[in-house]
1. Filter segment A:50-97 for residues that are under 24 Å from residue B:107 (Cα atoms), part of a strand (DSSP E or B) and without any contact (Cβ under 8 Å) to a residue 40 or more places away in the chain; which is farthest from the other protein chains (Cβ to nearest Cβ)?
2. Filter segment A:61-70 for residues that are at pLDDT 95 or above and surrounded by fewer than 17 Cβ atoms within 10 Å (Cβ to Cβ) and give the result.
3. Output the number of the condition that residue A:38 fails; it satisfies all remaining conditions of (1) within 13 Å of chain B (Cβ to nearest Cβ); (2) in contact (Cβ under 8 Å) with a residue 12 or more places away in the chain; (3) crowded, with 18+ Cβ neighbours inside 10 Å; (4) not aromatic (Phe, Trp, Tyr).
4. Between B:43, B:11, B:21, which is among the hydrophobic types (A, V, I, L, M, F, W, C) and under 19 Å from residue A:87 (Cα atoms)?
5. Being among the hydroxyl-bearing types (Ser, Thr, Tyr) and assigned to a loop (DSSP other than H, G, I, E, B) is the requirement here; does residue B:94 meet it?
6. Determine whether segment B:48-68 contains at least one residue that is within 11 Å of chain A (Cβ to nearest Cβ) and under 17 Å from residue B:102 (Cα atoms).
7. Let me spell it out: the conditions are (1) over 22 Å from residue B:33 (Cβ atoms); (2) within 14 Å of another protein chain (Cβ to nearest Cβ), and residue A:33 meets all of them except one. Which number is the exception?
8. How many residues does segment B:1-30 hold that are surrounded by 13 or more Cβ atoms within 10 Å (Cβ to Cβ) and more than 19 Å from residue B:89 (Cβ to Cβ)?
Amino acid sequence: SQELEQSPQSLIVQEGKNLTINCTSSKTLYGLYWYKQKYGEGLIFLMMLQKGGEEKSHEKITAKLDEKKQQSSLHITASQPSHAGIYLCGADDNYGQNFVFGPGTRLSVLP
Amino acid sequence: NAGVMQNPRHLVRRRGQEARLRCSPMKGHSHVYWYRQLPEEGLKFMVYLQKENIIDESGMPKERFSAEFPKEGPSILRIQQVVRGDSAAYFCASSFQPPFSPLHFGNGTRLTVT
């Protein structure tokens, strides 16, 4: 079955700094999803990537899927305290089953 | 708000009792997923259902746990004879038509077994 790893496990940055979170898959990614979870709440969908080399942006968050479709990165520019939370990558297989998640990266942004 | 609705938000049960967790998917979604999250741990897949069918239950413990998604009404995750180790947050998600369809999550049910 597909497994996702994330790095770093946790991250503390000063407000205004840029940061990158990585997600690596044990198999080819057909659909890669980024989510954010705040403490005590459900996951909020951020972006979906499908094609090798694809890049998407929403406000100050940019996600990329590498050409080989086994790694994705999430980049936050000029971080703010509102960006704090746990970021998880998720992936499904080509059949829409077996939707799995990485262990998450806990982000803290210091004002 | 047509988001995924889970209830109750918090559920306290004594050991040996039954827990029933409900999930109403987003309007138009017929695919439901249940996940369990332990404190400081990631999301673990439990079961994937489509209306009236269990598609994949490979993540669900073989005993005491069951799930259904009837033709009418919410999806139900049922835990019989709960034990302390069942204490966790249980999240439900729904999607429109996999593959390549994002999962949308509810706010979870926090089960505490005393």
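The values are calculated or read from the model by the stated rules, or taken from the named source; none is laboratory data. Bear in mind the structure is a predicted one, so any value in this text is a computation, not a measurement. Virtual Cβ from ideal backbone geometry, glycine too; neighbours counted across all protein chains shown.
1. A:61
2. Once the filter is applied, which keeps residues that are at pLDDT 95 or above and surrounded by fewer than 17 Cβ atoms within 10 Å (Cβ to Cβ), segment A:61-70 yields only A:62.
3. (3) is the only condition that residue A:38 fails.
4. Sole residue among the options that is among the hydrophobic types (A, V, I, L, M, F, W, C) and under 19 Å from residue A:87 (Cα atoms): B:43.
5. Working: among the hydroxyl-bearing types (Ser, Thr, Tyr): yes; assigned to a loop (DSSP other than H, G, I, E, B): no.
When the stated conditions are applied, residue B:94 does not pass them.
6. Yes: segment B:48-68 contains one or more residues that are within 11 Å of chain A (Cβ to nearest Cβ) and under 17 Å from residue B:102 (Cα atoms).
7. (1)
8. Of the residues in segment B:1-30, 3 are surrounded by 13 or more Cβ atoms within 10 Å (Cβ to Cβ) and more than 19 Å from residue B:89 (Cβ to Cβ).
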